[in-house]
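Input: a single structure, listed below in structure tokens.
The values are calculated or read from the model by the stated rules, or taken from the named source; none is laboratory data. Keep in mind that this is a model prediction, so the values were computed, not measured. No Cβ is skipped: glycine too gets one built from the backbone with ideal geometry, and neighbour counts run over all protein chains shown. With ligands, DNA and RNA removed, areas are computed over all heavy atoms of the protein, side chains included. Shrake-Rupley method; radii C 1.70, N 1.55, O 1.52, S 1.80 Å.
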Amino acid sequence: MKKHLLKLTALVLFFGIMTSCEEDKVMYSGSQSLAAFVGASGSLPVKEEVESTFKIKVDISSKSTAARVIEVSVAKASTALPSQYQIDAASLVIPAGSYSGEIIVKGNFNNLNVGQTVSLILSLDKIGDATVEPSKKLFTLSIFKFCVSELAGTFAYSTTNISSPDAGGRSVAGPVTGNVVFAATAAAGVYTISDGSFGGFRALYFTAYGDTAATGLGLTDVCNKIAYSGKDNYGEAYTFTNLVVNGNKLTFNWASGFGEKGLTTLTRSDGKNWPNLKL
């Protein structure tokens, strides 16, 4: 990939930038003015529905009466795609009377992949007539999708259309009601489910077998994408389908590998709505 030079083209925004100006220099080597990134790396966790930005500081050893453009380019070694971030062009400047500026980088949540970290490597190419310090001309910004999962709690369920192929076929119209607990585990976004059938096992099998719940199942939440995990006490895996979020109500179909199935609505009573969950 070619390096793409990022320059401010609307220099008229900065009064006096095209005119002569006076500089107060901090002497390093004779009258040499030096420019450099402050630091070599940083991390940008990008959150959903929240503007996620990172400020990369640039220093210069001289002060000017006019604003100066910070010229940077994207290094070939970068793995971040242009659609995954945005550099604020207006931030590519050392303000008049200042020894430093801050380049603002914004992450794009929708264009980042879950579990993937990409690197934006910027090269500091030029600030006026200053010499860029070779050892401080690169900055690596690690960008990744950051999701917070908050599904732990006790929720009221109402389950209908319950059926099983057991013993030639069993069915319960319902509704069967009760409470289910999603308990957080040590792993982020992973929960245990107190009853993965949401009352279905109790309705189908309590009289015949004494079963009260489908235990052993878990729930995973990766950036609002949910799925069952694990297997129930009979060794069967489960799936969700037809998920619908409506305020404090979450409705879905569930089914086991054996063939048990039902239609469940979970209702929150904690004053919160369900997040925008999907399958």
Item to complete: In debye, nearest 20, what is the charge dipole magnitude of the chain about its Cα centre with +1 on Lys and Arg Cβ and -1 on Asp and Glu Cβ, if you could check?
Response: 400
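How large is the accessible surface per residue of segment 191-279, computed with a 1.4 Å probe and reported in Å² as a whole number? Show your work: numbers first, answer last.
Working: 4140 Å² over 89 residues.
So segment 191-279 comes to 47 Å² accessible per residue, rounded to a whole number.
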Discussion item. Need the full-extension length gain, residue 233 to residue 185, defined as separation in residues times 0.36 nm minus the C-alpha distance. One decimal, nm.
Written reply: 15.4 nm
Fill in: Degrees, to the nearest 10: 200-209 long Cα axis against longest axis of the chain
30
Practice prompt. For segment 195-262 and segment 62-88, compute the distance between their C-alpha centroids and round to whole Å.
Written response: 50
Worksheet item: What length, rounded to one decimal in nm, is gained on full extension from residue 246 through to residue 50, with 0.36 nm per residue of separation minus their alpha-carbon distance?
Response: 68.4 nm
Worksheet item: In segment 39-140, which GluC sites (Glu not before Pro) are in a loop and have at most 13 other Cβ atoms within 10 Å, using DSSP for the loop call?
Response: 49, 51
Practice prompt. Can you pull the one-decimal nm distance between simple spin-label points at residue 170 and residue 150, each 7 Å off the Cα toward Cβ?
Written response: 3.9
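Strictly over 31 Å apart at the Cα level, which of 106/278; 76/225; 55/278 would you flag in this model? Mind showing how you got there, number by number?
On the way: 106/278 25 Å; 76/225 33 Å; 55/278 33 Å.
From 106/278; 76/225; 55/278, over 31 Å: 76/225; 55/278.
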Discussion item. Using a Förster radius of 30 Å, what is the FRET efficiency between residue 114 and residue 160 based on their Cβ-Cβ separation? Nearest 0.05, please.
Written reply: 0.35
Practice prompt. Give me the percent of the accessible area of the chain that comes from carbon and sulfur atoms, probe 1.4 Å, all protein chains in place.
Written response: 52
